[in-house]
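One structure is given below, encoded as structure tokens.
The values are calculated or read from the model by the stated rules, or taken from the named source; none is laboratory data. Just so we're clear, the structure is a prediction, and the values are computed from it rather than from any experiment. Cβ placement follows ideal geometry from the backbone for every residue including glycine, while neighbour counts extend to all protein chains displayed. Remember, those area values only see protein heavy atoms, side chains included, never the ligands or the DNA or RNA. Shrake-Rupley method; radii C 1.70, N 1.55, O 1.52, S 1.80 Å.
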There are 2 protein chains.
Amino acid sequence: MASYTAPLRDMRFVMHELLDSSSLSTLPGYEQATPELMDAVIEEAAKLAQDILLPLNLSGDAEGCTYENGVVRTPKGFKDAYAQMIAGGWTSLACDPEFGGQGMPKLVSTVFEEIVSSANTAFGMYPGLSHGAYRALHAHGSEALKKQYLPKLVDGTWSGTMCLTESQCGTDLGLIRTRAEPDADSGFRITGTKIFISAGEHDLTENILHLVLAKLPGAPAGTRGISLFLVPKFLPTAEGRPGARNGVSCGSIEHKMGIKASATGVMHFDGAQGWLVGRENSGMRCMFTMMNAARLAVGMQGLGLAETAYQSAAAYARDRRQGKSVGGKTDPAQVADPIIVHPDVRRMLLESRSMTEAGRALSYWCGMELDRAERHPDPAMRQEADDLVALLTPILKAALTDLGSDAANAAVQVHGGHGYIHEWGVEQLVRDARICQIYEGTNGIQALDLVGRKLGQDTGRLLRRFFHPVAEFLAAHEQDAALSEFVGPTAKALGRLQQATMTVAARGMARPEEAAAAATDYLRLFSLVAMAFMWCRMAEVAQRALQAGANGEASFYQAKIDVGKFFMARVLPRHSSHFQVVMAGGETLMLLPEVAF
Amino acid sequence: MASYTAPLRDMRFVMHELLDSSSLSTLPGYEQATPELMDAVIEEAAKLAQDILLPLNLSGDAEGCTYENGVVRTPKGFKDAYAQMIAGGWTSLACDPEFGGQGMPKLVSTVFEEIVSSANTAFGMYPGLSHGAYRALHAHGSEALKKQYLPKLVDGTWSGTMCLTESQCGTDLGLIRTRAEPDADSGFRITGTKIFISAGEHDLTENILHLVLAKLPGAPAGTRGISLFLVPKFLPTAEGRPGARNGVSCGSIEHKMGIKASATGVMHFDGAQGWLVGRENSGMRCMFTMMNAARLAVGMQGLGLAETAYQSAAAYARDRRQGKSVGGKTDPAQVADPIIVHPDVRRMLLESRSMTEAGRALSYWCGMELDRAERHPDPAMRQEADDLVALLTPILKAALTDLGSDAANAAVQVHGGHGYIHEWGVEQLVRDARICQIYEGTNGIQALDLVGRKLGQDTGRLLRRFFHPVAEFLAAHEQDAALSEFVGPTAKALGRLQQATMTVAARGMARPEEAAAAATDYLRLFSLVAMAFMWCRMAEVAQRALQAGANGEASFYQAKIDVGKFFMARVLPRHSSHFQVVMAGGETLMLLPEVAF
């Protein structure tokens, strides 16, 4: 089985020492959210994850979900675990107190998402999708709908879905065919088939609320003609209990590569009663307002899986004895040393760890900016935070989900042949992680979002939200000898990112295809610089702590610096290839005619 | 289901136009092996693969092998397919005519291995392992053993295994515990348990011949005390039929991530009768003489999977309509263009294709050198060919199996959500490809073989076998304007490879850990340069063909040049990061103490 203990000390380091989470309690509505409270919450979350969710991860994968006559059963233990989760109030964590929520900051729910994904990504899909539905309804639903449905999503007795994809369209939602016809009862009748619906049907909750994209009669073509509807599985009675069955049914569930314990349904809507959420034809906008949080959540799945992959690989590498150290110390009493002595094994471990730690810092930063964007009393500060979130979201989604897959594959490689065997639990991580690079917008789409939307927005205003603090930090620490191994390489990489940015912008202006051709490598270049910036800041915090005596944690802080140095010397150089590919331009992508593929 | 049609034209291009396969028929024993005969063979192989093996690939994965009371059943259709395979004489292809083989060149069996792996990697394991056993026995068995057993392996009625791994050791075979005790009947009695034994037990053949590594009483410690034994499942009768059951049994089969139709057994030897192969305590040497061919065969699995992944992704990208082209032509009659118009989709396809084509050229080159190493009348030429094979083998094994995984993952990504669903057949490719990076020596071990053994051998003699022809080609074409996009970038990358080589050699001399720290990045740098060299040569051949009129195949040759240009502009730049990491040295790998992982 995979190994996982929530890295609480690392999390606290990022939340409190790097990001100054204490500032959150100055925001209206977050007065109670002190670092102490946040610590208490994540400690409890760690217990939930380690004691209840993790033990179900491997068995849930082996058993999967079952489908019979429209009924879907989750694997053994899931129902009970879900009941414990809602009993603990976890579904209400970052929800509005007006509807029964605990009103905790996004930073805390971001950490919680990481912990749950580390322990059991498939299980996390159920509350995760509910929370997505909660956000959409909270942001765009009428007061009546919110009053009727939100408390159920918040207390977790009902769950939610997002029904976007159809067989002919995923990325290009303008092509959807599901129709909504005006109707006297509910307002609308929904007809059509949606595919790939996570948590579309299951046995964890007494009711399921589908948020469905559909087209009204005479709606404009493309994405401007899409509306969002709430379609419950059971129509609520006047007492708020599940009543008559609505015209929604699950036709089948998919046989997937991974997250097998998450039921992915084909959902048929046959004149189902639906209620409009938001205005007519504004369905895509309703989706987009919650897209940043949803994409960050998928990024947290990648990060969570990377952490478990790293921990599992490190545990195996400390335990497994094979070969003798080629240099340095070896244990003469043993016929072989633990494989952690071998440089190439350390390379795999440190690549995963150095990117996971940087990715954690980056994503928590983004989580905190989500809070500031929502709550800061100064509109200018809200805008600034919102800009940074908008910029970082596609980078985080793509980079952290790529990391999830890379770290999981590295864990398999460290395990050798055992890594290929189900019982060891790391090949499951590879399979589970793979979907994160695809859903909620493929990583290619994230890259296009970055170069096509975010890069040029308001003549680069979003970019400056990132470039300015980086440049300021580097300038302030230019002469800091203790950080020389951090500041120099980061400055060089930043210079190349800025050059690449100008090149992509200029070429893309003349030929949009050029920006698209550069997109993925540009995003990867950007993510490496962003991670390098996080390492600069983490190293600076760690140096300061060491200078201040480290309070008995010298080895913790020293490890931060050591892992950061590895990142600078052996991961950041990857930026160089991405820079060259961006600069090479897109010409050679378009030479081959379609028929020659 | 995955799409695959054997790329016969590409194969012929490499065999005949690039490598001059007609020279093979000048080697003793290969007089019949004309290009025409080779073409006829691979055309028939393509039919076998496409008509019989490919249709069983997805179903074989879904069904897997089953184990009951020591009996293993392969998936539906496998028995019949295997019967057709041996009826067609495919198991005898590259075998010695003295024992019933067809005596075809290694080049042909290399192509055959690619084709079979493309269609059904799991199926290919059964004849593949038999061929490994054939080679070991052919090279090291006594005349009596060879006469008794080889014809059965050649005609495919009996199959073979290689029993090396035990639970406590894979990479480090010096730790094996299986014992061999002298015995009056067969010579030896073998006792011990082997794990991860591919084709260890199954229902395809009437007998199974295990080649087992074991230790004789009083044998030296470590790898110098290992001997090789032949242990048949059924002891042959005087008439050569399977007789009494030997003390070998299959305790269970593994639940693997992929190649599920290949039975991977835990094999118990309980005083089983065994016959010594080779001399006492020379078991590791016996293994090593066949290692190059076996590692090349695993490389061909990676290449074959990459080809199928590419073809499946290209077929989907031509068919699936989603979004409109951001620039260039779009079809106004359609609401969306096929996704192959999108630059980022082309990027994924071309990364896979440009490396697959270069990998094919490199591996066929190595296959041909295997023939020259074995058959050339001039010992100096044999040595030269053997040197090149020894150098290229770890590079091919690692680079082509990494490619197999990368291309399979790219195919999943091109398919979007559908790629994650079993029925589409591409997620299976990811799972099947993953083991190739692990078995027959992990790719990390390949890298250590390259820097630790091959690089310094005879003061760089092996290296010169590669560097000299590359340097000669580049010098000869320095002024060739038609190749300027090829020669320039390759020369630059070669220069860096040479600099990295000297650095690794110098540092490794002082501290072996430094060579180990550089190994993986050095191998990747090397493989990119080797692929670039192949593209230089392929582009040169294609240019010449175009200048000569191209005989109605102008678009074929132009595609070679176009794909090669893509490689130079957008894949080769990856060498730059690997170069920097090599030069960065290993210091940051060793900073973190073991307890801090």
Margin query: Heavy atoms of the protein only, probe of 1.4 Å, neighbouring chains included. What is the accessible area of A:L276 in Å², nearest 10?
Written below: 40 Å²
Margin query: Helix-only estimate, please: 222 nm mean residue ellipticity of chain A, summing -39500 (n - 2.57) across DSSP H runs of length 4 or more and dividing by its residues, to the nearest 500.
Written below: -17500 deg cm²/dmol
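Please compute the average number of Cβ atoms from other chains found within 10 Å of each residue's Cβ in peptide B:332-343.
4
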Check: Whole-Å semi-axes of region B:305-386's equivalent ellipsoid, largest first, each the root of 5 times a Cα gyration tensor eigenvalue?
Finding: 45, 10, 8
Margin query: Accessible area per residue for region A:289-584 in Å², computed with a 1.4 Å probe and the full protein assembly in place, what is it?
Written below: 31 Å²
Next item on the list: Could you give log10 I(q)/I(0) at q = 0.18 Å⁻¹ for region A:126-165, computed by the Debye formula over C-alpha point scatterers of equal weight, without solvent?
Entry: -0.42
Next item on the list: Nearest 5 is fine: what % of DSSP beta bridges in the protein assembly as shown come out antiparallel, could you say?
Entry: 85 percent
Next item on the list: Alpha carbons only, please: Rg and Dmax for region B:303-455, in angstrom.
Entry: 19.7, 66
Item checked: Whole-Hz couplings from phi, Karplus 6.51/-1.76/1.60, listed for region B:195-205; x for Gly and Pro -> 10, 6, 8, 5, 6, x, 8, 5, 10, 8, 10
Notebook entry, point to check: What residues have an amide H closer than 5 Å to that of A:Q273, excluding those fewer than 5 places away on the same chain, when H is modeled at 1.01 Å from N in the peptide plane?
Noted result: A:I190, A:G247
Note to self: For B:A87, place a label point 7 Å from Cα along the Cα-to-Cβ direction in every copy; what are the distances to the other copies, in nm, shortest first?
What the structure shows: 6.3
Notebook entry, point to check: Mind checking the mean number of beta-carbon atoms from other chains within 10 Å of the Cβ atoms in B:320-330?
Noted result: 5
Notebook entry, point to check: Short version: what are the Cα gyration tensor semi-axes of region A:289-584, square root of 5 times each eigenvalue, largest first, in whole Å?
Noted result: 34, 23, 19
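Once you've got the Cα coordinates, tell me which of A:K76/B:K256; B:K329/B:K560; B:K47/B:K106; B:K47/B:K147; A:K560/B:K256 are over 28 Å apart.
Violating the 28 Å limit, Cα to Cα: B:K47/B:K147; A:K560/B:K256.
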Check: Taking the Cα centre of region B:289-584 as the origin and placing charges on Cβ (Lys, Arg +1; Asp, Glu -1), which of B:M509, B:S576, B:L462 is farthest toward the positive end of the dipole?
Finding: B:S576
Margin query: At 7 Å along Cα-to-Cβ for each site, give me the label-to-label distance between B:M502 and A:R9 in nm.
Written below: 4.5 nm
Note to self: Taking just the alpha-carbon atoms of region A:397-443, what radius of gyration and Dmax come out, in angstrom?
What the structure shows: 11.1, 33
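How charged is the neighbourhood of A:Y557? Take every other residue with its Cβ under 14 Å from the Cβ of A:Y557, and add Lys/Arg as +1 and Asp/Glu as -1. Show your work: numbers first, answer last.
Details: positive: A:R9, A:R12, A:R537, A:R544, A:K560, A:K565; negative: A:D10, A:E17, A:E357, A:E540, A:E553, A:D562.
Surrounding charge for A:Y557 is 0.
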Next item on the list: Compute the signed sum of charges (Lys and Arg +1, Asp and Glu -1) over the other residues within less than 13 Å, Cβ to Cβ, of A:A2.
Entry: -4
Next item on the list: From largest accessible area down, sort A:D203, A:D449; use a 1.4 Å probe on the protein chains.
Entry: A:D203, A:D449
Note to self: For A:C95, what accessible surface area do you get with a 1.4 Å probe? Give it in Å², rounded to 10.
What the structure shows: 0 Å²
Next item on the list: Could you please put A:I445, B:I226 in sequence from largest to smallest accessible area, using a 1.4 Å probe?
Entry: A:I445, B:I226
Next item on the list: With just the Cα atoms of region B:466-568, tell me how far they stretch along each of the three principal axes, in Å, largest first.
Entry: 57, 23, 17
Checklist line | Rounded to the nearest 10 Å², the accessible area of B:K454 at probe 1.4 Å | finding: 20 Å²
Note to self: Straight-line reach only, C-alpha to C-alpha below 25 angstrom: list the lysines that B:K215 could link to, leaving out same-chain residues fewer than 8 apart.
What the structure shows: A:K324, B:K146, B:K194, B:K233
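Efficiency by 1/(1 + (r/R0)^6): what FRET value for B:E587 and B:R177, r their Cβ-Cβ distance, R0 = 30 Å, to the nearest 0.05? The partial results should precede the final answer.
Values: r = 38 Å, r/R0 = 1.25.
With a Förster radius of 30 Å, E is 0.20.
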Check: Roughly how large, in nm² to one decimal, is the mean projection of the convex hull of the alpha-carbon atoms in chain A?
Finding: 29.3 nm²
Item checked: Cβ-vector label at 7 Å, B:K47, separations to other copies in nm -> 7.0
Next item on the list: Please name which of B:S22, B:I197, B:G240 has its Cα lying farthest along the dipole of the protein assembly as shown towards the positive end, using unit charges on Cβ (Lys, Arg +1; Asp, Glu -1) and the Cα centre as origin.
Entry: B:S22
Notebook entry, point to check: From the label point of A:T157, set 7 Å along Cα to the beta carbon, how far off in nm is each other copy's matching point, shortest first?
Noted result: 7.3
Notebook entry, point to check: What is the Cα centroid distance between region A:134-205 and region B:567-597, reported in whole angstrom?
Noted result: 47 Å
Check: Out of the DSSP beta bridges found with both residues in chain B, what percent are antiparallel (nearest 5)?
Finding: 85 percent
Check: Hey, what's the Kirkwood Rh for region A:35-156 if you take every pair of different alpha carbons, in angstrom?
Finding: 15.2 Å
Checklist line | Spin-label model distance (nm) - B:E594 vs B:T157, 7 Å beyond Cα toward Cβ | finding: 5.4 nm
Checklist line | Percent of Cα-Cα distances greater than 58 Å, calculated over the protein assembly as shown | finding: 14 percent
Item checked: Under-5 Å amide H pairs with B:G160, H placed in peptide plane, nonlocal only -> B:S130, B:L209
Check: In terms of solvent-accessible area of protein heavy atoms at a 1.4 angstrom probe, what is the ranking of B:K106, A:K324, highest value first?
Finding: A:K324, B:K106
Next item on the list: For region A:88-100, just list the computed ³J(HN,Hα) in residue order, Karplus coefficients 6.51, -1.76 and 1.60, θ = phi - 60°, integers in Hz, with x standing in for Gly and Pro.
Entry: x, x, 5, 6, 9, 3, 9, 9, 5, x, 4, 10, x
Check: For B:R544 and B:Q479 in the same chain, what is the full-extension length gain: residue separation times 0.36 nm, less their Cα-Cα distance, in nm?
Finding: 21.9 nm
Checklist line | Normalised contact order of region B:289-584, rounded percent, pairs of Cα under 8 Å and 6 or more residues apart | finding: 20 percent
Item checked: Test item: A:256-267 mean partner chain Cβ contacts at 10 Å -> 2
